[in-house]
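**Q** Please read through the structure below; I'll follow up with questions.
The values are calculated or read from the model by the stated rules, or taken from the named source; none is laboratory data. This one's a predicted model, so the numbers in the text were calculated from it and none came from an experiment. Counting neighbours? That spans all protein chains shown, and the Cβs are built from the backbone with ideal geometry, glycine included.
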Amino acid sequence: MKYDDQDRAIALAGIYQAATLVQQIARRGMADTQAMGASIHSIFQIDAESVADVYGGLSGIGKGLRAAYHQLLGEVKRDNELTSYLLSLIQLERKLTRRTDRLDRIHAGIQETRAKLTHFPEIHSNILASLADIYAQNISTLQPRIMVSGEPVYLQNPDNVNKIRSLLFAGIRSAMLWRQTGGRRRQLLLTRKTYIKQTNLLLNRL
């Protein structure tokens, strides 16, 4: 499949969306349910017809598109914590691609978890617990480890821990999709205006 600037912008927005949701749960103990559902949905998508379909359609990635647009545009003060999550997810994905043993285990874990979807919705606590375990066993041990900042009362809640790990997993999925569509870290500086233009065009379609 041939990808274009818009596809890369959607995939990048997927990373931003996952990072934003992680931040919200860590700080407030809650996050946008629809956006979270779309991010978790992306983990199970392997043969989607388009990049947008990975998130269940363009509306599923709206939160990420808004975050990407405002962060890249810089009209308001950039959120350095959000940028740190984004860059760490991109870096972790690159390291993960070199570990075929872990990729095989992740694939098997996703397939096992997918089988549970006949009984539970994608953001059910049982599904999130399974995804969190896959992340903890295969990704969180890689360096650099992502240190999530927030309120201890929320970070110590087991359900929130599972949500955060599942969303970081979704962020890795989007980072992989971004790379597959031609995304590269240096583009975030060299072609930032292109990403701003494309995210703005996509937001106008929502």
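**Q** Within the bounds of segment 130-142, is there any residue that is buried (at least 18 other Cβ atoms within 10 Å of the Cβ), in contact with a Leu (Cβ under 7 Å, 6 or more places away or on another chain) and at pLDDT 95 or above?
**A** yes
**Q** Take the residues of segment 98-126 that are in a helix (DSSP H, G or I) and loosely packed, with under 11 Cβ neighbours inside 10 Å: which is farthest from the chain's Cα centre (by Cα)?
**A** Within segment 98-126, the first condition is being in a helix (DSSP H, G or I), and the residues that meet it are 100-118, 125-126.
Among the residues that remain, those that are also loosely packed, with under 11 Cβ neighbours inside 10 Å are: 100-101, 115, 118.
Numbers: 100: 21, 101: 22, 115: 22, 118: 24 Å.
Only one residue fits best here, namely 118.
**Q** Let me ask you something else. Does residue 48 satisfy being outside any helix (DSSP H, G or I), modelled with pLDDT under 95 and either closer than 21 Å to residue 3 by Cα or not polar (S, T, N, Q) (or both)? Give the steps one after another, and end with the answer.
**A** Values: outside any helix (DSSP H, G or I): yes; modelled with pLDDT under 95: yes; either closer than 21 Å to residue 3 by Cα or not polar (S, T, N, Q) (or both): yes.
In short, yes.
**Q** Can you give me the number of residues within segment 46-66 that are in contact (Cβ under 8 Å) with a residue 24 or more places away in the chain, in contact with a helix residue (DSSP H, G or I) (Cβ under 6 Å, 6 or more places away or on another chain) and surrounded by fewer than 24 Cβ atoms within 10 Å (Cβ to Cβ)?
**A** 4
**Q** Sort out which residues of segment 145-197 are of a type in the set (Val, Ile, Thr) and part of a helix (DSSP H, G or I), and write them in order of number. Explain how you work it out, then say what you get.
**A** If we filter segment 145-197 for residues that are of a type in the set (Val, Ile, Thr), which is where we start, we get 146, 148, 153, 161, 164, 172, 181, 191, 194, 196.
Of everything in segment 145-197, those that are of a type in the set (Val, Ile, Thr) and part of a helix (DSSP H, G or I) turn out to be 153, 161, 164, 172, 194, 196.
**Q** Does residue 103 satisfy the criteria of being of a type outside the set (Gly, Ala, Ser), touching a residue at least 60 places away in the same chain (Cβ under 8 Å) and out of contact with any Gly (no Cβ under 6 Å at 6 or more places or on another chain)? Step through it out loud before you land on a result.
**A** Working: of a type outside the set (Gly, Ala, Ser): yes; touching a residue at least 60 places away in the same chain (Cβ under 8 Å): no; out of contact with any Gly (no Cβ under 6 Å at 6 or more places or on another chain): yes.
No; evaluated as a whole, the condition is false for this residue.
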